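Right, one structure below, let's go through it.
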Amino acid sequence: MGTEVSAQLDAAPPVKARLAPLAAVLRRRALQAVGVVLLVSTACFAIVQSLPGDIAFRIAAGRYGYDAVTASSAAAVRADLGLDQPAWQQLFGWWADVARLDLGKSLVTNADVGDELGLSLAASLQLAAAALLLACAFGTAAGAFAARHPGGLVDRATDAGVTLARAFPPFLLGLALILVFSVHLGVLPAAGHGDGGSIILPALTLAIGLAALFARVSRDTIAGILASDYVGFARTKGLSARLVYLRHVLRNAGVTLIAYLGVQALILIEGVVVIESLFGWPGLGHALVHAVFWRDLPMIQASALALALLVVAINTAADLAGLAADPRPRNRKAFQ
Amino acid sequence: MTSLSAIPTATGPATAHPSPAPGRRWRTWHSTRSLGQRLALALLALLAAFALAGPLVWPDHAVQDLSRFLETPSLAEPLGRDHLGRSVIARLAHATQLSLLLALLCVATALTAGAVAGIAAAWRGGWLDVALRGLSEALIAIPALLIVLIFSALADGALWTLYLGLALAQWVEYFRLVHARSALVLAGPAVEAAGLLGLGTVHIVRRHLWPELRPLLATMAAFGIGSSVLALSTLGFVGVGLKPPTPELGLMITEAFPFYSEAPWMSLAPVLVLAATLAGLLGLRSKETP
Amino acid sequence: MNLHVKDLTVTHRGRTLVDVPELELQPRRPVTIVGESGSGKSLLAHTIMGTLPPELTARGSLLIDGQVLDIADMANRRRLWGRTLALLPQEPVLALDPTMRVGGQVAEGFPGFPARRREARSAAGTLLKALGLGASAQAYPHTLSGGMAQRAAFAAATIGQASVLIADEPSKGLDVGARDELAALLGRHVEVGGILLTITHDLELARQLGGEVLVMRDATVVEHGPAGQVLAEPSHSYTQRLIAAEPSHWTYPWMDRTAPAAEAPRLVSGRGLAKSFGGRTLFSDLSVAVRAGERLAISGPSGCGKTTLGNILLRLTAPDVGQVSHAAELGVGRLQKLYQDPALAFPPRATLGDGFRDLLRRHRLDPARLDELLPALRLQPELLGRLPGQVSGGELQRLAVIRAMLLEPALLFADEPTSRLDLITQEETICALMEQVDRQDCALVLVTHDESLAHAVAGRRLQLGQDTSTSRLAKTPA
């Protein structure tokens, strides 16, 4: 066995080489963020352009009430939005404003959009974190339990539960929970924000759907790992079942589940929008739906941007965690 | 335990069995479905029949008769009348038809656009590939519901904005899947061999790409129809989708909810249609597809 | 200590997969079981180890270390794992946890591991160093070559000091150099008084291990005896057939063939070729020409770039430096290729018949040619109704030969066409290929890691990767 040359390969790679994948992830996600901002802001601009001629009038109506609209208030709105310039000029001006983080003032409340955004973001993050935590804990536990005996009773019961949870759209699930816990039992508040129990129902609603997905993915992942060659080899080395689980199954399952967390971000954010509207939770989704209802364009743009960038941020975090947990070169993506 | 190759159940040459003649494809397709899949198919067929025939049987969904406020179900009105005295079953039939048709249209548009763009980008490469992939990278980070919401702000929840928004939000998923799979197939030895054998484009699309993509697209389309129906009703439910008095499942749920204790059937009927659609589409998936 | 197996049978739904009345394993006397895939040899090893899948039924008794164990109860061997019974897995690249450093994976096999963590670590370090992997303790498995991964797996399997070592197809995926190292490793286990049972289809590994050889076929042992005797002068007809199938024992009419005249036209000429992969130079300033009717073999250890060179000569891959020119007669379809895994060379969801019909129609070929070639290569026409995955590897590779030869190519590039096939199937396939090549007087470029195959087939040889330091590193896990 005279291949000592090969041993050099194993020496720790230089710092630069180790940072390369990190830089690649950050570059890719930064580009994605720029793309997201361009798409969302251009779409919002297109809305302004495509709205019928009396847009200023309608916005003014939204702002001052239908009874109080006058020609002068409509003119004020028109000047506010710069609706008298050529379109391409307006678009560049629009982008420049976004780039300066100048998101404008709400057409409804006339408050600075940035300030309102901060509060909404905090509320949304609170809800998302609570739901994610619940979903992770219960979903992965159910999945791990089901994976112990693929095709067994627990596995089939979990599968049925998962399908049931997914057949009920989030808003129906929320309605059902409100009916049971608020209307019939009267133990939990149905809507609002602030008092102790108000987060329980929205977080639970959001978590149930996510937990179902987590259960399915962790079941498949763990069942696959338990059947893998390396787990089989670890067993025949003489390791106890507990040690095999602790040393080999958990970490490998973690690598896959972290990658999946990024995919989940989309579903999580969609859920946040729906659940906040249903429960009146004053987060970004609630703000967005309200803004759409009132055609409050600066607010639509700001909340949509914040939600989409949240997806990018969660994905970036998942990528970085995956990079730390998985030593293999990331030449292909686990999920798309 | 990589290969205990002697096990007869393992896939491989040992299990080689003749494939069925093409003419019998339907029967084998049918017999390989599990009980759950057949139930799901039956459920979906029932819904489709209701969506197609229902509006013909109960055409008057808009006629109001306030004297029949919250009328209880009867033989003539299987689901009673709502708070404006309108026939609930007529509204439900029209709403189901609208949801399913719109969902089918969205998925057909998104699937065609995504598949064509995906194959073209994977095949041609170059700037087309770079541009489309860049666009899809950005689009994939924007939740579909968000895109539809922004679009619905365009024209006060008109039907065409919802269609456009849903199709735009969904094509990117088909694009990414088709692109990834096509690139893999096109770079594989089978296509290389086909090139050396001088077999043309038609052969590669027909024998290599399409058979590989078809099952994936079918699974995705089933999910896509489900999520379109869901998105439409969610928007209606939160009040930024189609506007009343259009019969729409989400709107019907919102409108019926205040009368839940007096007339629970009014809320439960659209809920059941929605859940049945989603359960039917979910039940179609076979065990192997993720 | 001895290991004695009595009346071992394995069945699946009434079909007998293994039937071995008696097997005796002693220290210092390695036992090697050879046979083709499907003979039941791997199942025998897993039955003894107690790692048989639950859908199979095993019966018999096992006398080990003075106690009698019921073979049917797989669980009773579990407490012997690592301490008395150890398994060296096939495909070590897959048997190592991709997310854990090699040192940790070896150390955890040490007796009393979690409690005696420090001792385990130092024992693992010592063992790895003894195996020439001292620097790899902190490495992750994906950075190891196939041979290095095999040594790491050997360390992990044997650190528990088990006296019985069962090696299941340990040379799978290893090239000649790595296989020789492996034979030496297994030999060391025997020298220190261990019991060794090796399962392999590789007759050369069996020769190197020595000791006793058992030949299995259709669930039973057809012949056994000292390795030298069985492998040199076999008495059973099946063993004779097996040994005759080794390329070094072949004698066929297509073999004695004078090299083409030097004035035969050049079909392919590559000049000043260089290619590197992942920052490593595979070859540089290489010039190769293939003349009409010539048979050239490119050989070398795994990862030396031989397949890459073939693809460059076919202009499927671009070289970093240099040029490849093709003669005018290499038009569409006149240049064909056979692949290592024929299952990947056919569209997986189209029937073979559909593919052949497309080919015949496209080039307006006479369908009778296909009807003629099928029986000539001993293939049933019914195979055409199947999908590629429903046909055995040997049959599929012969179908690939037909597909390539239908177009009467001037040059055929065969990339490891038989490396996944059993010996007898390999012989069948190569014969079918060479008869067609001989008849059509087509030039052949064969890429193989098997020197004896290269010798048997080719008139001219090109060896790549003589420098082991470059060739060994290249092994990338599949």
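The values are calculated or read from the model by the stated rules, or taken from the named source; none is laboratory data. The shown structure was predicted, so the numbers you read here are calculated from the model rather than taken from an experiment. Note that each Cβ is placed from the backbone with ideal geometry, even for glycine, and that neighbours are counted across all protein chains shown.
What to note about this one:
- Among residues of the range A:161-174, those that are more than 21 Å from the chain's Cα centre (by Cα) and more than 7 Å from every other protein chain (Cβ to nearest Cβ), counted: 2
- Candidates C:ALA178, C:ALA184, C:ALA156, C:ALA139, filtered to the one that is free of Cβ contacts under 8 Å to residues at least 12 places away in the same chain and within 11 Å of chain A (Cβ to nearest Cβ): C:ALA184
- Test: residue in the range A:245-263 that is charged (D, E, K, R), touching a residue at least 60 places away in the same chain (Cβ under 8 Å), surrounded by fewer than 23 Cβ atoms within 10 Å (Cβ to Cβ) and under 26 Å from B:VAL172 (Cβ atoms): no
- In the range C:391-423, the residues that are farther than 14 Å from C:ALA345 by Cα, within 14 Å of another protein chain (Cβ to nearest Cβ) and of a type in the set (A, V, I, L, M, F, W, C): C:MET405, C:LEU406, C:LEU407, C:ALA410, C:LEU411, C:LEU412, C:LEU421
- Looking across C:ASP65, C:ASP97, C:ASP70, one residue alone is more than 20 Å from the chain's Cα centre (by Cα), away from every other protein chain (no Cβ under 14 Å) and modelled with pLDDT of 90 or more. It is C:ASP70.
- Residues being touching a His at 6+ places or on another chain (Cβ under 9 Å) and of a type in the set (D, E, K, R) - total across the range C:335-350: 1
- Residues located in the range C:180-206, provided they are assigned to a helix (DSSP H, G or I) and among the hydrophobic types (A, V, I, L, M, F, W, C): C:LEU182, C:ALA183, C:ALA184, C:LEU185, C:LEU186, C:VAL190, C:LEU203, C:LEU205, C:ALA206
- Restricting the range B:243-282 to residues that are free of Cβ contacts under 8 Å to residues at least 60 places away in the same chain, under 22 Å from B:LEU47 (Cα atoms) and not hydrophobic (A, V, I, L, M, F, W, C), the residue that is surrounded by the most Cβ atoms within 10 Å (Cβ to Cβ): B:GLY250
- Residue check, C:GLY177 modelled with pLDDT under 90, touching a Pro at 6+ places or on another chain (Cβ under 8 Å) and either in a loop (DSSP other than H, G, I, E, B) or not assigned by the TED database to the domain that holds C:THR418 (or both): yes
- Among the residues of the range C:413-426, those identified as surrounded by fewer than 24 Cβ atoms within 10 Å (Cβ to Cβ) and out of contact with any Gly (no Cβ under 7 Å at 6 or more places or on another chain) are C:GLU416, C:SER419, C:ASP422, C:LEU423, C:ILE424, C:GLN426.
- Taking the criterion of being more than 9 Å from chain B (Cβ to nearest Cβ) and either of a type in the set (Lys, Arg) or on the phi > 0 side of the Ramachandran plot (or both), the residues of the range C:347-390 that qualify are C:ARG357, C:ARG361, C:ARG364, C:ARG369, C:ARG378.
- Checking the stated criteria, B:ARG214 turns out not to satisfy the condition of being under 30 Å from C:LEU387 (Cα atoms) and either among the hydroxyl-bearing types (Ser, Thr, Tyr) or touching an Asp or Glu at 6+ places or on another chain (Cβ under 9 Å) (or both).
- Residues in the range B:170-193 that are among the aliphatic types (A, V, I, L, M) and assigned to a helix (DSSP H, G or I): B:VAL172, B:LEU177, B:VAL178, B:ALA180, B:ALA183, B:LEU184, B:VAL185, B:LEU186, B:ALA190, B:VAL191, B:ALA193.
- Test: residue in the range A:115-137 that is more than 18 Å from A:VAL37 (Cβ to Cβ), out of contact with any Asp or Glu (no Cβ under 8 Å at 6 or more places or on another chain) and at pLDDT below 75: no
- When residues in the range C:334-346 are screened for being in contact (Cβ under 8 Å) with a residue 60 or more places away in the chain and facing another protein chain (nearest Cβ under 7 Å), 4 of them pass.
- All positions within the range C:25-42 that are closer than 23 Å to C:ASP65 by Cβ and crowded, with 24+ Cβ neighbours inside 10 Å: C:PRO30, C:THR32, C:ILE33
- Output for the range B:206-227, where each listed residue is free of Cβ contacts under 8 Å to residues at least 12 places away in the same chain and more than 7 Å from chain C (Cβ to nearest Cβ): B:ARG206, B:TRP210, B:ARG214, B:ALA218
- The helices (runs of 4 or more DSSP H) found wholly in the range C:13-129 and carrying at least 1 residues that are over 17 Å from A:LYS237 (Cα atoms) occupy C:41-49.
- If you go through the range B:237-268 and keep only what is assigned to a helix (DSSP H, G or I) and over 22 Å from A:ALA165 (Cβ atoms), you end up with B:LEU251, B:MET252, B:THR254, B:GLU255, B:ALA256, B:PRO258, B:PHE259, B:PRO264, B:TRP265, B:MET266.
- Residues within the range C:145-171 that are more than 19 Å from the chain's Cα centre (by Cα), in a loop (DSSP other than H, G, I, E, B) and surrounded by 24 or more Cβ atoms within 10 Å (Cβ to Cβ), tallied: 2
- Neighbours by Cβ (under 6 Å, 6+ apart or cross-chain): first from the range B:228-242, more than 7 Å from every other protein chain (Cβ to nearest Cβ); second of a type in the set (S, T, N, Q) and surrounded by 24 or more Cβ atoms within 10 Å (Cβ to Cβ): B:VAL229/B:SER99; B:VAL229/B:THR277; B:LEU232/B:SER99
- Taking the criterion of being of a type in the set (Gly, Ala, Ser) and not in a strand (DSSP E or B), the residues of the range C:208-236 that qualify are C:GLY210, C:GLY211, C:ALA219, C:ALA227, C:GLY228, C:ALA232, C:SER235.
- Residues located in the range C:121-137, provided they are at pLDDT 90 or above and closer than 21 Å to A:PRO327 by Cβ: C:ARG121, C:ALA124, C:GLY125, C:LEU128
- Considering (1) within 26 Å of A:LEU309 (Cβ to Cβ); (2) of a type in the set (Val, Ile, Thr); (3) away from every other protein chain (no Cβ under 14 Å), the lone condition that B:ILE119 does not fulfil carries the number (1).
- Where helices (runs of 4 or more DSSP H) fall wholly inside the range A:198-312, the ranges with 3 or more residues that are within 14 Å of chain C (Cβ to nearest Cβ) are A:200-226, A:229-236, A:241-244, A:250-279.
- Verdict on A:VAL36 being modelled with pLDDT of 70 or more, within 13 Å of another protein chain (Cβ to nearest Cβ), closer than 30 Å to A:ARG328 by Cα and surrounded by 13 or more Cβ atoms within 10 Å (Cβ to Cβ): yes
- Taking helices (runs of 4 or more DSSP H) as the structural unit, those lying wholly within the range C:352-467 and holding at least 2 residues that are more than 19 Å from C:ALA297 (Cβ to Cβ) and among the aliphatic types (A, V, I, L, M) correspond to C:352-362, C:367-376, C:393-405.
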